[in-house]
Amino acid sequence: MQKITGDILIEKASALLSSGTVSCVLGWKKGEFGYDVTPAVFSSVEELERDFVYNDFCGANFSKYLVSKTRKLEGKILVFLKPCDTYSFNQLLSEHRFDREKVYAIGIPCEGMVDISKVKATVGEGISSIDTDGDNLLVSTLYDEEPVAVDFKSVLAERCINCKSKKHVAYDELLGEEGDVIENSRFDEVARIEALTPDERFAFWQNELSRCIRCNACRDACPACTCEKCVFDNPASGVENKSPANSFEEKLFHIIRAYHVAGRCTDCGECSRVCPQNIPLHLLNRKFIKDMNEFYGEYQAGEEVGMRAPLVSYTTEDLEPGEALTRRDTDA
Amino acid sequence: MQVNEYKPLIVAFCCNWCSYAGADLAGNNRLNYPADVKIIRVPCSCRVNPMFILRAFQRGADGVIICGCHPGDCHYTSGNYYARRRMTALFSMLDYLGIERERTRLEWVSAAEGAKFAATMNDFVQQVTALGENKRLEDLRCKK
Amino acid sequence: MQRVGVFVCWCGSNIAGTVDVQAVAEALKSEPGVVFSTDYQYMCSQAGQDMIKTAVKEHNLTGIVVCSCSPRMHEATFRKTAAAAGLNPYMVEIANIREQCSWVHKDMATGTEKAIILGKAAVAKVNLNAPLTPGESPVTKRALVIGGGIAGIQTALDIADAGFEVDIVEKNPTIGGKMAQLDKTFPTLDCAACILTPKMVDVAQNEKIRIFSYSEVTDVKGFVGNFDVTIKKNARYVKEEICTGCGACLEKCPMKKIPNEFNLGMDNRTAIYIPFAQAVPKVATIDPTACTMLKKGKCGICSKVCTAGAIDYTQKDEYIEEKYGAIVVATGFNPISMDKFDEFAYSQSKDVITSLEFERLTNAAGPSAGKLLRPSDGKHPHTIVFVQCVGSRCEACAEKGKEYCSKICCMYTAKHAMLTRDKYPDTEVYVFYIDVRTPGKNFDEFYRRAVEEFGVKYIKGMVGKVTPEGDKLKVQASDLIANKQLHIDADLVVLAAAIEPDKSARPLATMLTASMDTNDFFTEAHPKLRPVESPTAGVFLSGACQGPKDIPETVSQAGAAASKVIGLLAKDKLTGNPCVASSDELMCNGCSSCANVCPYGAITYAEKEFRMPDRTTKVRRVAEVNPAVCQGCGACTVACPSGAMDLKGFANLQIMAEVDAICK
Amino acid sequence: MKVSYFPGCTLKNKAKDLDLYSYKSASALGVTLEEIENWQCCGGVFTSADDEVATKLSSVRALKYAFERNEPLVTVCSACHNVIKQTNYAMQTNKTFADKVNRYMAEDSYNGEAEVYHYLEMLRDLVGFDTLKEKVVNSLKGKKIAAYYGCLLLRPNKVMRMDDPENPTIMEDFIRALGADAVVYAKRNECCGGYISVESPDSARRNSNAVVKNAKAAGAEMIITACPLCKYNLEKNGADIPVVYFTELLAEALGVKEDTNA
Amino acid sequence: MHNNRYLRDEIIRISGVNTAKCMKCGKCSATCPAYDEMEYHPHQFVNMVESGDITPLLNSDSLYKCLSCFACIDRCPRGVEPAKVVEAVRLFAVRKQGANRMTANDVPAIVDEDTPQQLLVSAFRKYTK
């Protein structure tokens, strides 16, 4: 249940467009059913009033779009950032991936986003529209006469259940109330897997990763994956690869991808959100985050611009790999 | 099918300045270790990209060991410290995925430690032999 | 595809004893790209090398694989052979089938099998080799010496003597350093000023040498041959070029109670001061923390008495940018603070002093005009206790003191003891020692003279507690030979304080990307074979900044550093190692990960224009590797997320090809 | 502020003054000393051997008591302080030892979490000497007072961490806060002889005399101490200037010495 | 009869001190306030334990002269902690049955009206088992 409405955002965006402060707006565009929201660029007040939406399905993180959009578009871009998006925003600034001057960032509050697959699991297919009513979603389907009430909290996306922060770490302007960094239990699932036997862990991941169809959605949505050319597309990298060749190939793909974003991943959860196969890819990234927190001290990518990630840093007293593993075992 | 004594395939990445020289010293002193170990020379342990390690496993290696200068002795002053963090992260991830952790190792071997080099290799080969063939990470297409 | 020739060496029976070399040569024939394969008894011999050269011509080879001993042994040899045959020397790969194969395996079948695999890996790699040419960079033929003590002075004089320009940056108002504070020097007992001040004058008069006194280095950019250095000249409020050093201002300055650093605070100076009579440059300096004019805008007496008109209260710090080809660090040392060692009552009694203070007390230009008098009451001390190793040789994790031996204390203590007994034979002199370390020419003889001729009482043991009581210092100590505890009523206690690198060294090391040990001494490029070079190319080490040193050793190291600098500056161009990193700018994200891990600061960023697919051009930030600075470690290649950064000679694809060849 | 308070055996007998004035002064400074229930004697000296467990249990119980109440543990007697602090350090740093100890403990295990303050440290770090200075009603101006630390407050420094063991200032700062002149002398951190007066009374006499002599040579008119045994040794061996507990001086300066209500 | 090796290992174990760290500077003995009471001095304790020459120490009154003032511990430049060595040897001696240095019978002779409890407690802890 978002506390801030699309109307307020439209009003704000329209004012900034009209005054010439910004030349276009990155926002969410409504679809046919209310839940099939897509990211879009709006360049006029009319477009905004017609298509702009902010509801419980606006999960998309726009930070990544800024890399290409700031290069292509003239003038300033207005971008709406939820708290978790601001971390990606900062991280990309740390990596000099876009020109801060070309962006007007408005921080907006977020109450958590809904995972439509959870809604579907509750009420079934054929959803025609979704409205809100207090703490419930009212889901109308083609098959039910009356809308079905679904508790908002029960269909929150996994990443929002374990929301790490309601605080914006970057913005030019803030709408609504500022929140705080939240105590969360996002590493519990990683810890649960760590506590399994190696055979169980292997079985778990084999089951999850064998579903991968190598569609690259995770990579394409990931705000850390903004390379000019991805290693998987680069013949000189030695790991160039386009298709799921067999059941083991994708394991290497996902290890490499997770390793590549280690220290840069802000744990925004886009990878898992966009995965059509519902693979919990964030559990790979979180594993790296958890390890590095434990071995080298707490580190939250994107918390500030210009921080030095654990993998491009060191101390002379660092743990040896073996020590690190045994220490984790004994702590667990 | 012929029953052969299982011989593991071990890839060892050795930094040019310490560990590769340590391996040479093991040779000079005629210290034996199994021929299963094949050494690849890199300028520094920090040159070892996790992708090389994954590639080795993918192509059927049963164990991968990275050897570098002792902490504080890196020819490039800090390369081995980066290697230590990278390998810690990678090995922990492999462990998390259920890959036997005994298949990977990071060791510091100086140019003077021929004996340590041989002992380390003997130990690692033994350890990997005990695990048997690497089945969890290899690429089935490339298997003979 | 290359045309590869494979040459398998027998190394007599060294390889051939456990490896079937012919089988290896035969097996490698069928590897991709191999057009020629053979074996020979000694590939490194002239005949073997000729065989390679002939084969290159006959078979039009573009790449060479030698299966032989370690590349650490003969890679350079075979590269020269390739070059002689008209190939690029970097088109050679060595398969190490001796140290890492025939010598460690006993069984012929096993050895042969492994040798073939190692050969295959080398062939796979050489197929991906590209000709490499070392980069060249010009050399700015000027040197910077940081620190104007005896180390810096000697280095500068030697470099200037070879005809190169040298600048000395010294943070104090005068050059001379610690040696200028010393009285006599061991083991010859010639006076420090008599041998140092002529050198200081030489520096001042040398046309090739400029002195930036009262200055410090604030920024260093660039690399070997091409350093850009920013020097901050602190405002001394006196026009250096006009001041004649007449000293009239010193006499009239009303602020006369400022502790005199040069005499370690044992007497006072004025707010405008010249550290000592033979200072170079002999120019007055106003201490801004003490001058009433600068603090409150009142006074101005020095300006009135200065007939030359050199006083300038409005002077500002000045930043100067200079270019140098080489930098010598000569930042020296200081005695450690005695704060944590109050069992010796240093803070409680003026008559407990450090050895450097003792030097000033016995120096004719010192606070007591060379008479050995107690600082507390100006009386002649009759019993003096010297304590050695105060703060030296402590446990590594100790909270006070240093782990290392400070090296110079044994000798200067012997000197102090001897000179005291020589000048004041009525004085009892005790030296408490743990070991007396005298490895130097005429050093032990010197120490023995102190004992045998001058009657200094050397006691093997340590002082445990000094208790000032009345006008005495009650010294409680152990005599390990007599197995007794001694109680001596002393008049003066002299502590041989450990020495440590100057505090300015640590930030300087960061600027220079030169490494330091845990004690903040600069690390040498090789502890034995390259003792005066830092691991950072173009940065050299002179004197105690590298480790404790006495004067003769400092001067020899200073000369050695100078000769290294001269060797560098004598070159018009520098040739680098071609196996360096380089970034593919089309793939580079400009994310700075590579620069974060580069130990040499070899990576910079530039805004470059790129053609976009839609034919517009966009400016993007990309990494650029300076091949003259890059040492080729490869740390950046792994940090790079996009794989834009690669290392020549050890490229991603080359190493992967080796992996594949081995695992196949 | 409320703190757990460990008085120790002597403070309930021969050194009742030390105890009494500690209470009076603390209450004048707004600190409540909560005497630990059923405290047991610390043993007087710390046995440095790692395999001595039973002799350290009483200290651990006191520490655990304070920790469970989430209060700092405050001691006055130098010996108690030394034993308890060393025991706590062993509990923090020596896992084998802590495991052994914890097997004697009921319920939850304890691993050195409690914070131990000597009364002087409490004055410096929790109350503040500046605050103390403000509360002084009878300034001791003009009195030349020598602080006697002895050994137990300062050493081993690795554990005690009270002050620079060779040049301590906490007691001098305390004296100055009360308005008096602090006399600094070298023997203030040398041993009085301690329990050796049982074994070699002469040795204790020599050590104690040397301390008093050195203090007097530096101009001291009075010596203050935190340790009943120091006081005993100095006095018994003929100190000819007063040796008093620091809390007595404190109570006097705070004007609560005669206060019967505390 | 214990052999030297056993004794040495036992003392090292009880004390937790690495006697090999000693550089034989003698600062422990220089600082020791009980030096003159002792037949064997702190540096000798360290050295003799290191070389396994422990029986003379066990039989010496020096064991009971240490004041536990820890001055040697704090002032040792090498972190050797001689007082712990003395303590370990002493414990080894008094832990033997009947080897108590002091008994309750000794108390009346020691006590005067000012004797603090602390003195007796400390002495018992040091001299008995």
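Could you please give the count of residues in segment D:172-188 that are closer than 16 Å to D:Val211 by Cα and either within 8 Å of chain E (Cβ to nearest Cβ) or touching a residue at least 60 places away in the same chain (Cβ under 8 Å) (or both)? Looking only at that region, the number is 0. Among residues that are within 14 Å of chain E (Cβ to nearest Cβ) and either surrounded by fewer than 20 Cβ atoms within 10 Å (Cβ to Cβ) or of a type in the set (A, V, I, L, M, F, W, C) (or both), C:Val429 is not included. Among the residues of segment E:23-42, is any polar (S, T, N, Q) and on the phi > 0 side of the Ramachandran plot? No, the conditions are met nowhere in segment E:23-42. Restricting attention to segment A:155-197, the residues that are surrounded by 13 or more Cβ atoms within 10 Å (Cβ to Cβ) and not in a loop (DSSP other than H, G, I, E, B) add up to 14.
Could you go through segment A:308-322 and let me know if any residue there is of a type in the set (A, V, I, L, M), under 19 Å from A:Ile255 (Cα atoms) and facing chain B (nearest Cβ under 7 Å). Walk me through how you get there before you give the answer.
Of the residues in segment A:308-322, the ones of a type in the set (A, V, I, L, M) are A:309, A:311-312, A:319.
Now restrict to residues that are under 19 Å from A:Ile255 (Cα atoms): A:309, A:311-312.
Within this subset, residues satisfying the condition of being facing chain B (nearest Cβ under 7 Å) are A:311.
Yes - at least one qualifying residue is present in segment A:308-322.
Here is a yes/no grid of residues against (1) buried (at least 22 other Cβ atoms within 10 Å of the Cβ); (2) assigned by TED's automatic domain parsing to the domain that holds D:Lys14; (3) not hydrophobic (A, V, I, L, M, F, W, C):
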position	(1), (2), (3)
D:Ala114	yes, yes, no
D:Ala146	yes, no, no
D:Asn167	no, no, yes
D:Ala177	yes, no, no
D:Cys192	yes, no, no
D:Gly219	no, no, yes
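To keep it simple, each residue is scored yes or no on (1) part of a strand (DSSP E or B); (2) closer than 25 Å to B:Ala56 by Cβ; (3) in contact (Cβ under 8 Å) with a residue 40 or more places away in the chain; (4) of a type outside the set (A, V, I, L, M).
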residue	(1), (2), (3), (4)
C:His105	no, yes, yes, yes
C:Ala115	no, yes, yes, no
C:Ser137	yes, no, yes, yes
C:Ile153	no, no, yes, no
C:Thr174	no, no, yes, yes
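Which residues, counting only those in segment D:198-214, are under 17 Å from E:Tyr127 (Cα atoms) and either outside any loop (DSSP other than H, G, I, E, B) or modelled with pLDDT of 95 or more (or both)? Let's see the steps before the verdict.
Residues of segment D:198-214 that are under 17 Å from E:Tyr127 (Cα atoms), as a first pass: D:198-201, D:203-204.
Once the filter is applied, which keeps residues that are under 17 Å from E:Tyr127 (Cα atoms) and either outside any loop (DSSP other than H, G, I, E, B) or modelled with pLDDT of 95 or more (or both), segment D:198-214 yields D:Val198, D:Glu199, D:Pro201, D:Ser203, D:Ala204.
Specify the residue that is surrounded by the most Cβ atoms within 10 Å (Cβ to Cβ); the eligible residues are those in segment D:1-29 that are assigned to a loop (DSSP other than H, G, I, E, B) and within 14 Å of the chain's Cα centre (by Cα). My answer is D:Gly8. Look at (1) within 7 Å of another protein chain (Cβ to nearest Cβ); (2) without any contact (Cβ under 8 Å) to a residue 60 or more places away in the chain; (3) in contact with an Asp or Glu (Cβ under 6 Å, 6 or more places away or on another chain) and you find that E:Glu37 fails only one, number (3). Residue count for segment C:603-657 under the criterion of being farther than 19 Å from B:Asn80 by Cα, more than 10 Å from every other protein chain (Cβ to nearest Cβ), assigned to a loop (DSSP other than H, G, I, E, B) and within 36 Å of the chain's Cα centre (by Cα): the result is 5. Determine whether segment A:260-277 contains at least one residue that is surrounded by fewer than 16 Cβ atoms within 10 Å (Cβ to Cβ) and either assigned to a loop (DSSP other than H, G, I, E, B) or more than 7 Å from chain B (Cβ to nearest Cβ) (or both). Yes, some residue in segment A:260-277 is surrounded by fewer than 16 Cβ atoms within 10 Å (Cβ to Cβ) and either assigned to a loop (DSSP other than H, G, I, E, B) or more than 7 Å from chain B (Cβ to nearest Cβ) (or both).
Within segment C:69-91, the presence of a residue that is part of a strand (DSSP E or B) and assigned by TED's automatic domain parsing to the domain that holds C:Ile116 is excluded.
Which of the residues spanning segment A:202-218 are without any contact (Cβ under 8 Å) to a residue 60 or more places away in the chain and either buried (at least 22 other Cβ atoms within 10 Å of the Cβ) or under 25 Å from B:Glu100 (Cα atoms) (or both)? Correct list: A:Phe202, A:Ala203, A:Phe204, A:Trp205, A:Gln206, A:Asn207, A:Ser210. Of all the numbered requirements in (1) out of contact with any Gly (no Cβ under 8 Å at 6 or more places or on another chain); (2) at pLDDT 95 or above, D:Val83 misses one, and that requirement is (1). Go through segment A:178-227 residue by residue and tally those that are aliphatic (A, V, I, L, M), closer than 30 Å to A:Glu304 by Cα and within 13 Å of chain B (Cβ to nearest Cβ). Of the residues in that region, 2 qualify. Just one of (1) in a strand (DSSP E or B); (2) over 25 Å from B:Leu54 (Cα atoms); (3) touching a helix residue (DSSP H, G or I) at 6+ places or on another chain (Cβ under 8 Å) fails for C:Ala562. It is (1). Among the conditions (1) more than 7 Å from every other protein chain (Cβ to nearest Cβ); (2) at positive phi, the only one that B:Gly60 does not satisfy is (1). Given the residues C:Ala277, C:Ala369, C:Ala345, C:Ala310, which is the only one that is surrounded by fewer than 17 Cβ atoms within 10 Å (Cβ to Cβ), of a type in the set (A, V, I, L, M, F, W, C) and either within 14 Å of another protein chain (Cβ to nearest Cβ) or in contact (Cβ under 8 Å) with a residue 60 or more places away in the chain (or both)? After ruling out the rest, the residue left standing is C:Ala277. For segment E:92-120, the set of residues classified as buried (at least 22 other Cβ atoms within 10 Å of the Cβ) and out of contact with any Pro (no Cβ under 8 Å at 6 or more places or on another chain) consists of E:Leu119 only.
So which residues in segment A:198-243 are in a helix (DSSP H, G or I) and of a type in the set (Gly, Ala, Ser)?
First pass over segment A:198-243, keeping only residues in a helix (DSSP H, G or I): A:198-209, A:217-221, A:231-233, A:235-237.
Once the filter is applied, which keeps residues that are in a helix (DSSP H, G or I) and of a type in the set (Gly, Ala, Ser), segment A:198-243 yields A:Ala203, A:Ala217, A:Ala221, A:Ala236, A:Ser237.
Looking only at segment C:26-44, residues that are free of Cβ contacts under 8 Å to residues at least 24 places away in the same chain and crowded, with 19+ Cβ neighbours inside 10 Å come to 0 in all. Determine if segment D:239-260 includes at least one residue that is farther than 21 Å from C:Ala345 by Cα, within 14 Å of chain E (Cβ to nearest Cβ), charged (D, E, K, R) and surrounded by fewer than 24 Cβ atoms within 10 Å (Cβ to Cβ). Checking segment D:239-260: not a single residue is farther than 21 Å from C:Ala345 by Cα, within 14 Å of chain E (Cβ to nearest Cβ), charged (D, E, K, R) and surrounded by fewer than 24 Cβ atoms within 10 Å (Cβ to Cβ). Filter segment B:28-57 down to residues that are farther than 23 Å from B:Glu138 by Cα, surrounded by fewer than 24 Cβ atoms within 10 Å (Cβ to Cβ) and touching a helix residue (DSSP H, G or I) at 6+ places or on another chain (Cβ under 8 Å) and give me whichever is farthest from the other protein chains (Cβ to nearest Cβ). Here the residue is B:Asn29.
Which is hydroxyl-bearing (Ser, Thr, Tyr), buried (at least 23 other Cβ atoms within 10 Å of the Cβ) and in a helix (DSSP H, G or I), of B:Thr88, B:Thr129? Break it down stepwise before answering.
Working: B:Thr129 fails: buried (at least 23 other Cβ atoms within 10 Å of the Cβ).
So the residue among B:Thr88, B:Thr129 that is hydroxyl-bearing (Ser, Thr, Tyr), buried (at least 23 other Cβ atoms within 10 Å of the Cβ) and in a helix (DSSP H, G or I) is B:Thr88.
There is no residue in segment D:96-110 that is aliphatic (A, V, I, L, M), surrounded by 22 or more Cβ atoms within 10 Å (Cβ to Cβ) and within 19 Å of D:Ser25 (Cβ to Cβ).
Of everything in segment C:125-153, what is surrounded by 24 or more Cβ atoms within 10 Å (Cβ to Cβ) and either hydroxyl-bearing (Ser, Thr, Tyr) or within 11 Å of another protein chain (Cβ to nearest Cβ) (or both)? Give them in sequence order. C:Lys125, the sole residue that qualifies.
The values are calculated or read from the model by the stated rules, or taken from the named source; none is laboratory data. Just so it is clear, the structure is predicted and the values come from calculations on it, not from any experiment. Methodologically, a virtual Cβ is constructed for each residue, glycine included, from the backbone with ideal geometry; neighbour enumeration extends over all protein chains shown.
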